[in-house]
Each structure stands twice: as C-alpha cells, then as structure tokens.
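See structure below.
The values are calculated or read from the model by the stated rules, or taken from the named source; none is laboratory data. Note that the structure is a prediction, hence the values are computed from the model and not measured. Cβ sites come from the backbone with ideal geometry, for glycine too, and all protein chains shown count toward neighbours.
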Amino acid sequence: MMWLGIRFYVLLALTFVIAGQVAADERRSGEPIAKADENKPNVVVILADDLGWNSVGYHNKNFPTPNIDRLVREGVELNQFYVAPMCSPTRAGLMTGRYPIRFGAARAVIPPYRDFGLPVSEVTLPERLADLGYANRGVFGKWHLGHRRSKWHPLNQGFTHFHGHYNGAIDYFELTREDVRDWHVDAQPSDEQGYSTHLIADAAAKWITDSSASEAPYFCYVPFNAPHSPFQAPEETIARFDDRNSAKTKGNKPGKARNIAILKAMIWEMDEGVGRILKSIEDSGEANNTIVWFLSDNGGVGSLPRLNSPLRGSKLTVYEGGVRVPSCIRWPDRLAAGVKSEHVCGYIDVLPTIVDAAGGEIIADPELPLDGISLLSGLTSSDQFKSDGRPWYSYHGQSGDENEHLAVLVDGWKLKVNGPQLISESQLTEPKAGVELFHLSTDPNETKNLATDYPDKVGRLGRMLIEYRALQPSDAVPPYGVGSKGFVPPPKWHVDLSTPDVLVGAYPDGEDQQ
C-alpha cells in the first residue's frame with residue numbers, strides 16, 4: 001500500500017519522530033504533552049490568497065513585493081512547494097497535516113450556503129501548539145473552513161483570538177459577502193471600517209506586539225484575502241501601476257489591463273502588510289527565534305494573463321500553475337539565509353514541521369494518519385527531485401463527478417487525469433479521461449505529454465490515483481453549486497459559540513442544500 005510506503009520513508013529518513021496523534025477527546029482536554037520554555041520559537045504563518053507563481057517580485061520584477069522578497073533572501077526559498085488547487089482544501093491541509101480528501105474537504109471550497117466545515121475530530125495546528133505551551137494563538141483574515149455552525153469557528157478549533165471574516169471573496173471595502181457584513185472580532189460582529197488588507201495586517205501586527213510581552217511563545221496565522229477577487233484596491237495604490245488616468249476608468253467595467261493594475265496594487269498592499277508584521281516581530285526583539293512561513297493557497301486565476309508563467313495552468317487546475325506556489329520560511333536561529341531548497345514539499349508539511357520546531361512529538365494514530373512530514377532536516381539541501389519515494393497528490397472536483405482533476409507526482413514524474421471520477425484502470429486508456437504524463441525533472445512547464453511513450457508508468461501512477469481518490473468519504477463537501485439557490489445568510493454572519501451545532505442562515509423556500 002502506498003501509505004505504508006510513505007510512513008516507512010518518514011520514519012527512516014527524517015529526524016523528526018512521528019510517534020503519533022493524540023485522540024480527539026484527549027487533546028481537547030488541554031493536557032500538555034511538553035512544557036513551554038523560552039527556547040521555543042514564535043510562529044507566524046502568512047497565507048496569500050490566489051497569489052500566482054509569477055506574481056512576486058523575486059520571480060517577476062513587474063510585481064514588486066519587497067517584503068516577501070526580503071523573507072526569501074533572509075530564509076529558505078521553497079522552490080518546489082505544492083498546495084491544493086483552491087482555497088479551503090489548502091487551509092484544511094495546513095491546519096491538520098493531512099490530505100483533506102481523507103475528511104471530505106478536498107472536492108470544493110466552502111461557499112456561503114454550505115453546511116460543512118473542518119471536522120472537530122481533526123487535530124489542528126493551534127491545538128497541538130496549545131499542548132506545547134503556546135498560550136496565545138491568533139488568526140487574522142479569511143477563515144474559510146466552516147461558518148454555518150459555531151463548532152467550526154476558529155475559537156472552537158484551537159485559536160484563542162480571531163479577527164477577520166468567515167467567507168471567501170468578501171468586498172474589500174464594505175467587508176460583506178452576499179451583501180451581508182462579514183467582519184468579526186472573536187465571535188462577535190465588528191463595525192470596524194477600512195480596507196480589509198490593512199485591517200488584517202494592522203490587527204496581526206498589534207497582536208504580535210502584545211503577545212511578545214508574554215513569557216510563552218505565540219502562534220500567529222495570517223490568511224490574507226488578497227489578492228483574491230473581487231479586484232479592489234485603494235485608488236492611490238492602483239495609480240502606481242495604471243498607465244492610464246484612474247479617474248477615467250473608475251466606475252466603468254474594468255478590462256483586463258485595469259484588472260492587472262488593480263491586482264498589482266492588491267499584492268503591493270498585502271506586501272506592505274507583510275512588512276508591518278515583520279516590523280512588529282523585529283520591534284519585539286524576538287526576530288531571531290521567530291519562524292515566519294509565507295505561502296500562497298493556490299495558483300493565480302486563469303482569467304488574467306501570465307500570473308503563473310512559465311508554469312502551465314492556473315487555479316482550479318492540477319497543472320503546475322495551479323498547485324505550485326511561492327513559499328519561503330525564515331528562522332534566523334536555525335536556518336541559513338539565502339538557501340534555495342528543491343525538495344518537493346507543501347501545505348501538509350507545515351503542521352509537522354512547526355510541531356517539530358516547537359519540540360513536540362506526534363504519536364501515531366492509525367485512525368488519523370498524518371500525511372505531512374517535518375522538513376527541518378532537509379531545509380538546507382538543494383538536491384533537485386530527491387528520490388524520496390513520497391508521492392504528492394492533487395485533486396479537485398468542484399463541478400461534480402464528471403469533471404474531476406487528479407494528479408500524482410513522484411520521483412520527478414507526474415500523471416494528470418482530468419475527466420469522470422477515476423475508479424478503474426480501464427479509464428486510463430479512454431480519451432475522455434484526459435490522461436497526461438510529464439517528466440517534470442526535464443520538463444517543469446509540462447509541455448510534452450509522454451503518456452503514449454510510457455504506458456507502464458501511466459498504469460502504475462494511475463493505480464496510485466485510484467487508491468487516493470477512493471479515500472474520499474461519502475459525506476464529503478458537495479460540488480460547488482449544490483444548494484446555492486434561495487440561501488439567506490444570518491444577520492452579520494453571526495454564530496453563537498454557546499450553541500456549537502445550531503445551523504445559522506436559512507432557505508425560506510425550504511430548499512435542502514444537500
């Protein structure tokens with residue numbers, strides 16, 4: 001079985017001991033598995049939203065990101081970093097260290113009308129860090145892991161503070177989704193006003209300043225909503241990147257050129273926010289022992305040109321442009337600056353790496369097997385496509401079983417299948433399966449399909465994909481459009497933490513979203 005092979009490799013090849021996973025009822029008791037001490041690093045994870053491969057300054061000077069570029073210079077650039085092809089699944093895998101297909105969160109994002117969230121049986125990164133003495137655990141920005149029942153609220157998933165919005169694609173200035181205001185501090189709706197990127201960065205920076213006064217280490221998770229649509233930014237920032245007079249186009253339907261200028265402005269504002277967060281870390285005097293991990297949740301959108309070049313594809317595809325993203329990690333006390341790592345790694349590795357850095361152990365639980373591994377022992381290596389035997393999987397099926405996207409990458413070879421749900425090997429020879437095989441070691445931009453040249457390899461990798469796709473439970477998140485008609489959100493998107501399993505929002509006409 002491929003999963004046994006993965007775990008065998010992990011145990012042999014890494015110094016991090018994956019000794020197991022605390023049962024859900026035990027970890028919610030708050031019983032620590034290690035004592036806090038002053039040597040534990042603070043942890044800051046910064047997640048961009050729809051930031052493409054070609055949309056950062058260190059890849060493309062036309063998208064200036066001086067603060068992200070600085071993190072790359074001062075830390076380790078993760079050049080082969082992979083995520084899910086869309087928002088919610090990446091967040092779910094980052095929070096759990098597990099492929100989200102295992103608990104039904106991989107097929108689609110969680111739209112406003114969806115009665116679904118990150119299962120409370122999963123053990124989240126802030127819950128693990130709580131057991132390791134991290135008393136302050138804040139999240140600032142876009143949650144997107146369940147909002148219609150308070151059991152999925154960040155404060156019920158291991159965080160001690162929340163400041164931001166539950167849904168994706170909110171209005172940046174009005175802070176609304178479905179024309180209803182979605183902005184909160186902890187569990188209460190907030191009347192705070194401003195541009196969301198500014199509010200997120202400022203709240204995170206202030207919280208870091210306050211938390212650094214504590215003797216305990218802190219965990220700060222900053223999932224920006226930028227640069228996800230709608231394309232909105234302050235006019236004065238847009239003017240930096242728009243060759244035309246902004247006033248002439250304001251109020252008119254924007255074209256692609258205008259949207260590119262807005263996108264650059266959104267990315268600039270997010271990068272400025274990263275700078276304010278970094279300054280708060282430096283002003284605390286704890287920068288050397290603070291991990292800062294930057295990544296995007298998926299590739300850039302396909303509606304705008306060249307956001308992921310030279311990689312092929314975009315968000316909502318399993319081509320490289322949809323799942324390979326900019327990422328870097330800085331920890332001056334432990335990691336050398338200016339290193340470029342070529343190890344294949346990604347979002348499911350964030351949790352085990354951070355737990356390892358915090359001095360923790362994860363005890364093996366066959367009911368909740370971990371897919372991620374700690375990267376600490378290999379962060380200074382630059383061996384391209386190291387033959388570690390670990391397969392890397394990508395999947396989404398937002399539009400339903402007839403059009404699913406699957407891919408597996410192992411030892412430099414990548415098989416991509418795009419078609420009806422993959423359940424048998426016979427499908428691999430059918431045209432409608434959209435089978436493509438790429439040798440990424442020599443063709444990283446996926447220009448040449450080698451499927452007909454290597455049928456045995458297609459078969460072997462295809463069997464791995466069939467086994468992977470079979471992991472999805474029957475109660476997985478439905479395709480994106482199911483249940484959209486007639487939904488009315490709750491006032492101010494409010495949920496009551498005292499009623500964790502009560503459904504909020506309604507379908508006045510009685511439509512069942514499932």
Response to the item:
Within segment 320-353, restricting to residues that are of a type in the set (A, V, I, L, M) and touching a Lys or Arg at 6+ places or on another chain (Cβ under 8 Å), the one that is nearest to Val45 (Cα to Cα) is Leu351
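Provide a single number: the residues in segment 463-490 that are in contact with a strand residue (DSSP E or B) (Cβ under 7 Å, 6 or more places away or on another chain) and over 17 Å from Ile101 (Cα atoms). If you could, list the steps in order and put the result at the bottom.
Filtering segment 463-490 for residues in contact with a strand residue (DSSP E or B) (Cβ under 7 Å, 6 or more places away or on another chain) gives 464-465, 468-469, 488-489.
Subset that is over 17 Å from Ile101 (Cα atoms): 488-489.
Counting residues in segment 463-490 that are in contact with a strand residue (DSSP E or B) (Cβ under 7 Å, 6 or more places away or on another chain) and over 17 Å from Ile101 (Cα atoms) gives 2.
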Worksheet, complete the sentence: Note on Ile68: of the conditions (1) within 25 Å of Ala336 (Cβ to Cβ); (2) at pLDDT below 95; (3) crowded, with 16+ Cβ neighbours inside 10 Å, unmet is (2)
Worksheet item: Are there any pairs, at least 6 apart or on different chains, whose C-beta atoms fall under 6 Å, with the first in segment 333-348 and among the aromatic types (Phe, Trp, Tyr) and the second outside any strand (DSSP E or B), and if so, which?
Response: Tyr347/Val83; Tyr347/Thr90; Tyr347/Gly93; Tyr347/Leu94
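On the given criteria, is Ala265 surrounded by fewer than 23 Cβ atoms within 10 Å (Cβ to Cβ) and either more than 16 Å from the chain's Cα centre (by Cα) or in contact (Cβ under 8 Å) with a residue 40 or more places away in the chain (or both)? Before you say what the answer is, go through the steps one by one.
Details: surrounded by fewer than 23 Cβ atoms within 10 Å (Cβ to Cβ): no; either more than 16 Å from the chain's Cα centre (by Cα) or in contact (Cβ under 8 Å) with a residue 40 or more places away in the chain (or both): yes.
Here the answer is no, as Ala265 does not meet what is asked.
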Worksheet item: List, please: which pairs have Cβ atoms under 8 Å, are six or more places apart or on different chains, and start with a residue in segment 381-400 that is farther than 17 Å from Asp443 by Cα and end with one that is modelled with pLDDT of 95 or more and polar (S, T, N, Q)?
Response: Gly397/Asn403; Gly397/Gln421
Worksheet item: Which residue out of Gly300, Gly338 is closer than 16 Å to Ser229 by Cα and in the same structural domain as Ser212 (by TED's automatic domain parsing)?
Response: Gly300
Worksheet item: If you go through segment 497-509 one residue at a time, do you hit one that is surrounded by 13 or more Cβ atoms within 10 Å (Cβ to Cβ), modelled with pLDDT of 95 or more, out of contact with any Asp or Glu (no Cβ under 9 Å at 6 or more places or on another chain) and not assigned by TED's automatic domain parsing to the domain that holds Arg107?
Response: yes
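Would you be able to tell me the number of residues in segment 165-218 that are assigned to a strand (DSSP E or B), of a type in the set (Ser, Thr, Tyr) and free of Cβ contacts under 8 Å to residues at least 60 places away in the same chain? Steps first, please.
Taking segment 165-218 and keeping what is assigned to a strand (DSSP E or B), we get 165, 176-177, 180-181, 184-185, 188-189, 218.
From what is left, the residues that are of a type in the set (Ser, Thr, Tyr) are 176, 218.
Subsequent filtering for residues that are free of Cβ contacts under 8 Å to residues at least 60 places away in the same chain retains 176.
Of the residues in that region, 1 qualify.
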Worksheet item: When you go through (1) in a loop (DSSP other than H, G, I, E, B); (2) without any contact (Cβ under 8 Å) to a residue 60 or more places away in the chain one by one for Asp456, which number turns out not to apply?
Response: (1)
Discussion item. Being crowded, with 20+ Cβ neighbours inside 10 Å, of a type in the set (Gly, Ala, Ser) and in contact with a helix residue (DSSP H, G or I) (Cβ under 9 Å, 6 or more places away or on another chain) narrows it down to one residue among Ala204, Ala187; which is it?
Written reply: Ala204
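Quick check: is even one residue across segment 43-59 among the charged types (D, E, K, R) and more than 18 Å from the chain's Cα centre (by Cα)? Full working, then the answer.
Of segment 43-59, the ones among the charged types (D, E, K, R) are 49-50.
Remaining after also requiring more than 18 Å from the chain's Cα centre (by Cα): none.
Within segment 43-59 (the criterion being among the charged types (D, E, K, R) and more than 18 Å from the chain's Cα centre (by Cα)), the answer is no, since none of the residues qualifies.
Take Glu446 and decide whether it is outside the structural domain of Leu118 (by TED's automatic domain parsing), touching a strand residue (DSSP E or B) at 6+ places or on another chain (Cβ under 9 Å) and in contact (Cβ under 8 Å) with a residue 24 or more places away in the chain. Spell out how you get there, then give the answer.
Working: outside the structural domain of Leu118 (by TED's automatic domain parsing): yes; touching a strand residue (DSSP E or B) at 6+ places or on another chain (Cβ under 9 Å): yes; in contact (Cβ under 8 Å) with a residue 24 or more places away in the chain: yes.
In short, yes.
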Discussion item. Kindly evaluate Arg148 against the criterion of being in a loop (DSSP other than H, G, I, E, B), surrounded by 21 or more Cβ atoms within 10 Å (Cβ to Cβ), among the basic types (Lys, Arg) and on the phi < 0 side of the Ramachandran plot.
Written reply: yes
Worksheet item: For segment 117-144, how many residues meet the condition of being surrounded by fewer than 24 Cβ atoms within 10 Å (Cβ to Cβ) and over 24 Å from Ala358 (Cα atoms)?
Response: 1
Worksheet item: Does at least one position in segment 164-180 carry a residue that is surrounded by 21 or more Cβ atoms within 10 Å (Cβ to Cβ) and more than 30 Å from Asp475 (Cα to Cα)?
Response: yes
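Among the residues in segment 90-106, are any touching a residue at least 60 places away in the same chain (Cβ under 8 Å), assigned to a strand (DSSP E or B) and in the same structural domain as Cys345 (by TED's automatic domain parsing)? Break it down into steps so the answer makes sense when it comes.
Kept after step one, since they are touching a residue at least 60 places away in the same chain (Cβ under 8 Å), are these residues of segment 90-106: 90-91, 93-99, 101-106.
With the extra rule that they be assigned to a strand (DSSP E or B), the set shrinks to none.
No.
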Item to complete: Give the number of residues within segment 413-433 that are at pLDDT 95 or above and assigned to a loop (DSSP other than H, G, I, E, B).
Response: 5
Worksheet item: Out of segment 163-192, which residues are touching a Pro at 6+ places or on another chain (Cβ under 8 Å) and among the aliphatic types (A, V, I, L, M)?
Response: Ala169, Val180
